[in-house]
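All remarks here apply to the structure that follows.
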Amino acid sequence: MPQTPAVHPGMNWRKPVASCLAAAALAAGAGLVLTAPAAQAEPSNYRFDFGDGPVEKGYTGVSATDAYTPERRYGFNTPGQMANVPAKGAGVGSDAVRFLEFGTKSTNTFNVDLKEGLYRVSVTLGDTSRASIAAEGVFQEMNLTGNGAKASFEIPVTDGQLNLLVTEGKVGTAFTLSALEIEKVSRHPEMDPTIWVGGDSTVASYYPLESSIQGGWGQMLPQFVDPAQFDVRNMATGGQIARGFRNDGQLEAILRYIKPGDLFLLEMGINDTAAKNATTEAEFKEIMRDMVRQVAATGATPVLVTPQGRATDFVDGVHSSVDRWYRHSTVALAAEEGIPLVDLNVLSSAYFTEIGPEATLALFMAGDTLHPNRAGATELARLVSEDLARQGLQ
């Protein structure tokens with residue numbers, strides 16, 4: 001509680017104030033001007049418009065040739081590896097810069113000096129087939145698709161500078177950036193409690209996030225999570241297998257930020273069972289074990305999730321797919337490690353049986369019995385959320 005200065009009996013505390021005011025007035029009458037030292041305040045909020053086209057009102061224009069300098073406080077670390085390119089969007093989306101060198105460990109970053117704190121970073125891509133966002137040397141947002149794709153995330157800055165780049169989502173495609181907005185959320189560089197999500201194409205996010213036809217349950221999960229309790233960060237990607245998620249950067253990003261009180265929901269198995277991925281069930285189980293143990297060591301709570309079956313897994317009106325996708329190993333692993341399990345496979349089958357084959361098929365992409373559409377992904381997210389609540393995890 002703030003302390004009130006002690007006032008001694010007989011002390012006139014107004015007198016020093018009056019004396020100061022009188023002195024200031026005297027100085028002004030004598031022609032003396034008192035000025036405060038000029039402050040070079042470091043901004044906490046930025047709005048950048050990238051490319052060589054017209055700069056939108058309220059934004060700072062940044063060309064591919066703008067190198068970082070301490071005086072400017074922002075710019076590209078290696079402008080020789082950047083290029084100005086047009087883009088098909090409007091406003092800030094009408095032009096962009098293209099990253100010619102990429103990879104999460106690349107030094108070809110756009111750098112912005114920022115005081116220590118927690119920041120919300122919002123990106124708008126240019127013409128891009130599929131690209132991921134990296135910052136501070138790890139992935140932040142995975143596989144944004146389509147021209148002008150948008151995403152935002154919170155990130156702690158502790159070293160005085162944000163280092164960001166657009167990098168591979170799909171090899172051989174362009175990686176471009178049209179706009180970047182940075183807003184300081186807190187002077188404390190601590191992320192809110194977070195639900196981290198790992199998985200494959202049935203879990204991943206699709207763009208535009210608010211209106212995509214296809215959906216993943218990780219994309220829809222925020223609809224069922226109280227934002228005052230948890231943020232949701234979906235790191236799932238299409239075609240992913242357990243080994244790839246562990247070894248190729250997604251788990252690394254989660255381990256960088258995850259903390260006690262966070263949840264890590266991990267669903268794998270669909271692609272691991274494909275012969276081309278050469279993952280035996282025993283190998284799959286041990287890779288999954290390694291991931292949940294690494295997360296548990298941080299004090300966070302790993303939660304295993306089993307994938308739903310195909311829309312057509314009906315026999316005599318009953319949906320069942322308990323033998324698919326290495327499910328039995330996932331269930332056994334949860335028991336062996338003493339960690340929570342959301343058996344989405346069984347939960348979704350019960351729901352599909354309830355609504356029937358025709359209504360179930362309507363929850364999947366046209367001509368595709370594996371990948372849910374937006375409505376189907378929403379129902380899967382609801383089932384996951386309800387089971388987390390049942391287990392006291394939400």
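Every read-out reported here was derived from the displayed coordinates using simple, explicitly stated rules and does not represent laboratory data. None of the values given here were measured: they were computed from a predicted structure. In this analysis, Cβ positions are derived from the backbone assuming ideal geometry, glycine residues included, and neighbour counts consider all displayed protein chains.
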Q.
Cut-off is 10 Å between beta-carbons; in what order do Met220, Met191 appear when sorted fewest neighbours first?
A. Met191, Met220
Q. In whole Hz, what ³J(HN,Hα) sequence does the stretch 290-299 give by Karplus (6.51, -1.76, 1.60; θ = phi - 60°), x for Gly and Pro?
A. 4, 5, 5, 5, 4, 5, 4, 5, 7, x
**Q.** Relative pair counts by distance (%), Cα atoms of the stretch 63-109, 5 Å bins
**A.** 5, 22, 23, 21, 19, 9, 1
Q. Summing Lys, Arg as +1 and Asp, Glu as -1, what charge do residues with Cβ under 9 Å from the Cβ of Ile270 carry, Ile270 excluded?
A. -2
Q. Around Ser201, which amide H atoms from residues at least 5 apart in sequence, or from another chain, sit under 5 Å from its own amide H, with H modelled in the peptide plane?
A. Gly239, Gln240
Q. Angle between the Cα long axis of helix 344-355 and the longest principal axis of the chain, 0 to 90 degrees, nearest 10?
A. 70
(Q) If I model a spin label as a point 7 Å beyond the Cα along the Cα-Cβ vector, how far apart are those points for Glu354 and Glu56 in nm? (A) 4.3
Q. Around Thr360, with a cut-off of 12 angstrom between Cβ atoms, what is the net charge of the other residues, counting Lys and Arg +1 and Asp and Glu -1?
A. -3
Q: Show that you can apply the helix-only estimate: for the chain, add -39,500 (n - 2.57) for every DSSP H stretch of four or more residues, divide by all residues, and state [θ] at 222 nm to the nearest 500.
A: -7000 deg cm²/dmol
Q: Can you pull a Stokes-Einstein diffusion coefficient for the chain at 10 °C (1.306 mPa s), Rh from Kirkwood over Cα pairs, as a whole number of µm²/s?
A: 67
Q: Determine ³J(HN,Hα), in whole Hz, for all residues of the stretch 96-108 in sequence, where each value follows from phi through the Karplus function 6.51 cos²θ - 1.76 cosθ + 1.60 and θ = phi - 60°; x replaces Gly and Pro.
A: 6, 10, 10, 8, 8, 10, 8, x, 4, 9, 5, 8, 7
Q) Which of Leu162, Leu393 comes first, and how do the rest follow, when ranked by fewest Cβ neighbours within 10 Å? A) Leu393, Leu162
Q) At Asn77 and Glu281, where each label point lies 7 Å from the Cα along Cα→Cβ, what is the point-to-point distance in nanometres? A) 4.5
Q: Work the Kirkwood hydrodynamic radius out for the stretch 46-186: mean of 1/r over every pair of different alpha-carbon atoms, inverted, in Å.
A: 14.6
Q | Leading residue at positive end of dipole, the stretch 46-186 (Cβ point charges), from Ser178, Phe102, Leu144 | A | Leu144
**Q.** Charge tally in the Cβ shell below 14 Å around Ser94, where Lys, Arg are +1 and Asp, Glu are -1, Ser94 excluded
**A.** -3
Q | Quarter of the Cα convex hull surface for the stretch 194-390, i.e. its orientation-mean projected area (nm²) | A | 10.7
Q | Nearest 10 degrees, 0 to 90: helix 14-29 Cα axis against the chain principal axis | A | 70
Q) What is the list of residues in the stretch 284-314 whose amide nitrogen lies under 12 Å from a point 7 angstrom out from the Cα of Leu393, following Cα to Cβ? A) 301-306
Q.
Taking θ = phi - 60°, what integer Hz values does the Karplus form 6.51 cos²θ - 1.76 cosθ + 1.60 yield along the stretch 178-190, in sequence order, with x for Gly and Pro?
A. 9, 8, 9, 10, 10, 10, 6, 9, 7, 7, 9, x, 10
Q) Counting Lys and Arg as +1 and Asp and Glu as -1, each charge on the Cβ, what is the dipole of the chain about the Cα centre in debye, to the nearest 20? A) 1140
**Q.** Built amide H within the under 5 Å cut-off of Asp272, gap 5+
**A.** Ala242
Q. Once amide H atoms are built 1.01 Å from N in the peptide plane, which residues 5 or more positions from Asp231, or in another chain, come under 5 Å H to H?
A. Thr194, Ile195
Q: Just grab the label-to-label distance for Met365 and Glu181, each label 7 Å out from Cα along the Cβ direction, in nm (one decimal).
A: 3.0
Q.
Could you sort the peptides 113-126, 359-372 by per-residue average Cβ neighbour count (10 Å cutoff), highest mean leading?
A. 113-126, 359-372
